[in-house]
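Engineer: Here it is, the structure, as structure tokens.
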Amino acid sequence: MSEQFRSIRGIHDGLPADVRRWRYIEDAAQRVFARYGFSEVRLPVLEPTGLFIRSIGSDTDIVSKEMYRFEDQGGDDICLRPEGTAGSVRAYLQAGLTRSGSQRWFYIGPMFRRERPQKGRLRQFQQIGAEWFGVSGPVEDVEALAMAHAFLNELGIADLSLEINSLGCPACRPAYREKLVAYLQARRQSLCDTCNTRIEKNPLRVLDCKVESCQAQLTDAPEMVSHLCSDCQTHFDALIAGLEALKIPYRINPRIVRGLDYYNRTAFEIVTGKLGAQGTVLAGGRYDGLIEEQGGPSTPAIGFAAGLERLAMLLPDIPGVQPDVAIVAIGESVRVYALKIANQLRRGGCRVIHCGGGSAKRQFKLADREQVRFVAVVGEDEMKSEMLRLKDMQSGEQTDIPVQDAIVCCKRMTPS
Ligand code: ATP
Ligand code: MG
């Protein structure tokens, strides 16, 4: 027997029950984001590797060890995108939109990171993300957070909490960073190996280390929110005032970091207690330095991304769409007539399945399994009179009617 292939570890198939959940989430995102004036973009999955090295930074886990990176046949260094922000900024600059006023974009699509696969942590996963270019005020931060909140609300997922922080700016962060480094250096021995390497390279990242013994060392660590310059403080206060005004519950969590230099001020996560270490369902922040970092004019921006598979795990089963009518064709001679009836019903907007001929018993059994409300029986007599026999499977009632009446009947009983 020949070898049976399996999907790559950490890369899963989206079967009908999965896709139903994804579509439900995507539809909610489309609906809610439109209310905030965001337009969908579809951007490449393959990008030049340098884009991520420049945008995310070579010291990060994503760039240093998680990217699916390769040289293509033409010798170009390319990779499968690990996230959506860098490519969005690239596209925004490439399209020359920096002088066209602020741009509100959202995207839905697959991302790739070669992480250790776990529940809620995949190597190919999907993100729904939003990016808002050209806005600097706390008002836009509030709007972006309100949109994320409204989106998750629309999904009806309970027990989510919004955690916010400020990462300061190039004016106030260096002094804070020094204090943090001193604090961490004094605890070197008790921190994990990864954190030890982060102390010099990216000390803020230590704050969100997932190793418990590291977290235990951080109880008295200095917090950025207590070291903000007056501009950052004003921004943060206005953000909080906005959340309060909109009655969006939040918690200040000084451990939330994005850990990259271009991120500044507002950082946030929406978390659930239900997915263990994979509890963050949505994360984002302000990245006023990134557009310039990619060679564009200094342009403030804010964005977030939600993990589609993590959200899907928090939803109940979404029932599939049932067909309205099953065609039961009695006898070889009506085969073509049955096909025609099926097509007429479909043109009228009904969802129709064909039971495939054979014995009436077999066909009715199939119709039963599909849980259709109606069965359209067509035999020699029906063909002659250009009718069909419509059986209501709930009441058992049968009527001989023309196709047009059957369409009306089915649509009335099983509205789409
Ligand atoms: P985590 O701390 O869980 O690793 P992250 O900080 O790496 O998350 P982001 O890069 O901010 O995540 O991505 C935004 C969201 O995308 C996450 O909050 C999560 O819901 C989802 N996500 C990130 N990585 C994965 C993955 N490997 N598998 C599934 N979903 C993911
Ligand atoms: Mg991660």
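Engineer: Restricting region 365-396 to residues that are charged (D, E, K, R) and part of a helix (DSSP H, G or I), which is surrounded by the most Cβ atoms within 10 Å (Cβ to Cβ)?
Structural biologist: The selected residue is GLU382.
Engineer: Within region 81-115, count every residue that is surrounded by fewer than 17 Cβ atoms within 10 Å (Cβ to Cβ), among the small types (Gly, Ala, Ser) and touching a Gly at 6+ places or on another chain (Cβ under 6 Å).
Structural biologist: Summing the residues that are surrounded by fewer than 17 Cβ atoms within 10 Å (Cβ to Cβ), among the small types (Gly, Ala, Ser) and touching a Gly at 6+ places or on another chain (Cβ under 6 Å) in region 81-115 gives 1.
Engineer: Any residue in region 397-414 that is within 15 Å of VAL328 (Cβ to Cβ), part of a helix (DSSP H, G or I) and open to solvent by 100 Å² or more (accessible area, probe 1.4 Å)?
Structural biologist: No: region 397-414 contains no residue that is within 15 Å of VAL328 (Cβ to Cβ), part of a helix (DSSP H, G or I) and open to solvent by 100 Å² or more (accessible area, probe 1.4 Å).
Engineer: What are the residues in region 271-303 that are open to solvent by 10 Å² or more (accessible area, probe 1.4 Å) and within 8 Å of ligand 1 (Cβ to nearest atom), if any?
Structural biologist: Answer for region 271-303, where residues must be open to solvent by 10 Å² or more (accessible area, probe 1.4 Å) and within 8 Å of ligand 1 (Cβ to nearest atom): ALA277, GLN278, THR280, ALA283.
Engineer: Is it the case that ILE302 is under 25 Å from the mean Cα position of the chain (by Cα) and in a loop (DSSP other than H, G, I, E, B)?
Structural biologist: Judged against the criteria, ILE302 is not a match.
Engineer: Follow-up. For region 116-163, what are the residues that are at pLDDT 95 or above, among the β-branched types (Val, Ile, Thr) and surrounded by fewer than 24 Cβ atoms within 10 Å (Cβ to Cβ)?
Structural biologist: Correct list: VAL135, VAL139, VAL142.
Engineer: Can you name every one of the strands (runs of 3 or more DSSP E) wholly within region 50-127 that holds 3 or more residues which are away from ligand 1 (no atom under 12 Å from the Cβ) and within 23 Å of TYR263 (Cα to Cα)?
Structural biologist: 103-112
Engineer: Quick check on this structure: which one of ILE62, ILE8, ILE56, ILE78 is outside the structural domain of THR299 (by TED's automatic domain parsing) and over 23 Å from LEU314 (Cβ atoms)?
Structural biologist: Criteria check complete, one pass: ILE8.
Engineer: Moving on to the next point. Just for region 316-336: of the residues that are in a loop (DSSP other than H, G, I, E, B) and among the β-branched types (Val, Ile, Thr), which one is nearest to ARG369 (Cα to Cα)?
Structural biologist: VAL321
Engineer: Go through the residues of region 121-132 one by one and say whether even a single one is away from ligand 2 (no atom under 16 Å from the Cβ) and out of contact with any helix residue (DSSP H, G or I) (no Cβ under 7 Å at 6 or more places or on another chain).
Structural biologist: no
Engineer: List pairs: first residue in region 52-78 and closer than 29 Å to ASP193 by Cβ, second residue of a type outside the set (A, V, I, L, M, F, W, C) and within 16 Å of ligand 2 (Cβ to nearest atom) anywhere in the structure, Cβ distance under 6 angstrom, at least six positions apart or on different chains.
Structural biologist: So the pair list comes out as ASP59/ASN202; ILE62/PRO82; GLU66/ARG113; GLU66/ARG114; GLU66/GLU115; MET67/PRO82.
The values are calculated or read from the model by the stated rules, or taken from the named source; none is laboratory data. All figures in this text were calculated on a predicted structure; none of them were measured in a lab. Using ideal geometry, Cβ is built from the backbone for each residue, glycine included, and neighbour counts are taken over all protein chains shown. Accessible surface is based on the protein model in full, side chains and every heavy atom, while ligands, DNA and RNA are left aside. Shrake-Rupley method; radii C 1.70, N 1.55, O 1.52, S 1.80 Å.
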